[in-house]
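Derivation of every value follows stated rules applied to the coordinates shown; laboratory data play no part. Model, not experiment: these values are computed from the prediction. Backbone-built Cβ (ideal geometry, glycine too); neighbour counts: all protein chains shown.
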Amino acid sequence: MLNFILLIFIYIGIFGIAAIGLNLIVGYTGMLSLCQAAFLGIGAYSTAILMTTANINFWMAFIISGLIAALCGILIGIPTLRLRGDYLAIATLGFGEIVKNIIINWDNMTKGPMGINGIPGLKLLNFTFTSLDKLPWTLIIWIFVAIAYYIVRRIVRSRIGRALEAIREDEIAASSMGINTAKYKIGAFTLGAFFAGLAGSLFAAYNQSVAPNTFDFMMSITILCMIVLGGLGNNAATIVGAILIVVSSELPRLLGISNIIPPQLNQVLFGFILVFMMIYRPQGIIGRIKLNYAKIIKEEILHLEK
Amino acid sequence: MPLLYTQDLRREFGGVVAVSDVNIEIDKDSITGLIGPNGAGKTTLFNTITGLDYPTSGYVFFNGRDITPMPAYQITRIGIARTFQNIRLFKEMTAFENVMIGRHFRANHPFITKYRALNFILGRIYVHKEEKDIYENSLKWMDFFNLLEYRDEYARNLPYGKQRELEIARALATEPEVIFLDEPAAGMNPQETEELMATIKRIRGLGITVVLIEHDMKLVMNICDKIIVLNYGRKIAEGTPGHIQNNKEVIEAYLGKTDE
């Protein structure tokens, strides 16, 4: 039972990192992206391929996976950044499908629908952690959750965050205030993709295997639901959203009634939560916390009114 | 040489010629009014000059430099600010933050722009300098418009007239050489218009050139040094207020031709 709870925490952590990245894109910058799962997939497959065929150790593969995902973020960001709202959503959706199909069909690289198995365990000092060593994995993953949280917090509380907020509010006005909106949008998109790549890498290394169908459109939607349910533009809420969604999808197993109720009921429960939330609390469980930048500068930089 | 001038500026939307080979000259430290009936192409002209729209053909020169191909944010950075006809404030941000965004790019510390990689590691001091600069200058502009009492109010909660002023404050925070005001008096009552006229004169007093689109003839005739009249995308007249008031073509554009 403890192992199962740790497993849930591992998944909350992995999806939490990806969701924090997506929150930067959707919550703070206001670009609706539906391809976060694709970046997770890119990160996961990069790690899987690097660790099995190139014999690179996990930590190198981890960084490289993040960078590859970030590079893909730039590549998709440049042509789509001029689109907004629904159009950007559709374009990113298309990108997600492209990535999934490349993974399925690039046989000699990704082994197609079979997926990649036998990824070596994580070596740290003299230990090797496999999927069975849940406690160390939980700790490692949550350290990265904390790092991602801290980085995004620092960004959104700085003048960069202020610029992102201005872009979300009114892009045309922002550009006529001398803000290079393209630069900021690509930057946010790329960093979001980077975090998703890292999350994917952790996902692959923890499971020691990857399969293409994991990273489908449904996963992008699940991650999006995490940030919407928690509250857009609020990282703590993002984690709450991740907890809510992972726990609710594992609830029957957690209660030990998974053999009584059919697995489809999960989806029903999930749908019910969404409908209920959108009617009664559309801003999310916690909701957005508006940062007051004047106050931040006063307290942190001018050291006034402590 | 004029501070800003256009050369056969033209903007077509499909078959519609919104701006048709317009040549205008804006002199330094002047207040220029741009008038014309609805749909005459005034806002399109503003948009093509400030980079929010691009011309089909023609050029815009600013300080002797061709700025036609520049994107909007670069045009703002070299000293051309603007406001919008339908107020475009960052509504969910506070009044103060709106002005801070205007100051955003001016605060780039030369050290930071030059050594970006280094700054990543030891940039804290400079980041603090930038933020301090933004804070103090924004405060200055808020004060210039007597908006300090609304500092922490969301922009959307400000009274209409104050929103217009805040938008001008935000544009001025970019420290422009020339500011384009798109119908600044729209929706204002006579008293607010009166105050606005005083404000525009104060802005000119700072050494900033003003170009404005306005339908309020009292305002235009009172404060403009030069008036340019557009109709159907073409410039039909140009001159001092007195000259424009007696121009036959202008009267026809506004009131229609008399049947003789």
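Could you state the per residue volume, in Å³, of the convex hull enclosing the Cα atoms of segment A:164-306?
Values: hull volume 27.4 nm³, N = 143.
Dividing the Cα hull volume of segment A:164-306 by its residue count gives 191 Å³.
Taking loop as defined by DSSP and a crowding limit of 15 other beta carbons within 10 Å, which GluC sites (Glu not before Pro) in segment A:198-306 fit?
Values: sites: A:Glu250, A:Glu299, A:Glu300, A:Glu305; in loops: A:Glu305.
Loop-located and lightly packed - A:Glu305.
Evaluate the relative contact order of chain B (contact order divided by residue number), counting alpha-carbon pairs under 8 angstrom at least 6 apart; express in whole percent. Please list the in-between numbers first.
Working: 470 pairs, mean separation 70.9, N = 260.
Over chain B, the number comes to 27 percent.
Can you give the angle from 0 to 90° between the axis of helix A:181-207 and the longest principal axis of chain A, with both taken from C-alpha atoms, to the nearest 10?
20 degrees
Given the C-alpha centroids of segment B:183-232 and segment A:250-306, what is the distance between them in whole angstrom?
49 Å
Please express the Cα-Cα pair-distance distribution P(r) of chain B as a list of whole percents, one per 5 Å bin, running from 0 to the bin with the greatest distance.
Spelled out bin by bin, chain B gives 1, 6, 12, 16, 17, 16, 13, 9, 5, 3, 1, 1, 0, 0, 0, 0 percent.
Hey, what's the Kirkwood Rh for the protein assembly as shown if you take every pair of different alpha carbons, in angstrom?
Working: mean 1/r = 0.0378 Å⁻¹.
Final number for the Kirkwood radius of the protein assembly as shown is 26.5 Å.
Between B:Asp225, B:Asp182, B:Asp152, find the one with the highest GNM mean-square fluctuation for chain B; connect C-alpha pairs within less than 10 Å.
Looking only at B:Asp225, B:Asp182, B:Asp152, the largest GNM fluctuation is found for B:Asp152.
At 20 °C and 1.002 mPa s, grab the translational diffusion coefficient of segment B:27-102 from Stokes-Einstein with a Kirkwood Rh over Cα pairs, rounded to a whole number in µm² per second.
Working: Rh = 14.3 Å.
It comes out at roughly 150 µm²/s.
Using only Cα atoms and rounding to the nearest 10 degrees, what angle (0 to 90) does helix A:36-52 make with the longest principal axis of chain A?
40 degrees
How far is helix B:124-144 tilted off the main Cα axis of chain B, in degrees rounded to 10, range 0 to 90?
Tilt relative to chain B: about 40 degrees.
Can you tell me the convex hull volume per residue for segment B:174-225, based on C-alpha atoms, in Å³ to the nearest whole number?
Details: hull volume 4.1 nm³, N = 52.
Measuring per residue, one finds 78 Å³ for the Cα hull of segment B:174-225.
Could you name the lysines whose alpha carbon sits less than 19 Å from that of B:Lys140, not counting residues in the same chain fewer than 8 places away?
Hits, sequence-local ones excluded: A:Lys295, A:Lys298, B:Lys129, B:Lys132, B:Lys162, B:Lys201.
Plugging the Kirkwood radius over Cα pairs into Stokes-Einstein for segment A:2-216, at a temperature of 37 °C and a viscosity of 0.692 mPa s, what D comes out in µm²/s? List each step's numbers first, then the result.
Numbers: Rh = 17.6 Å.
The estimated diffusion coefficient comes to 187 µm²/s.
Can you tell which of A:Val275, A:Val152, A:Val228 shows the greatest fluctuation in a Gaussian network model of chain A with Cα springs below 10 Å?
Its mean-square fluctuation being the largest, the pick is A:Val275.
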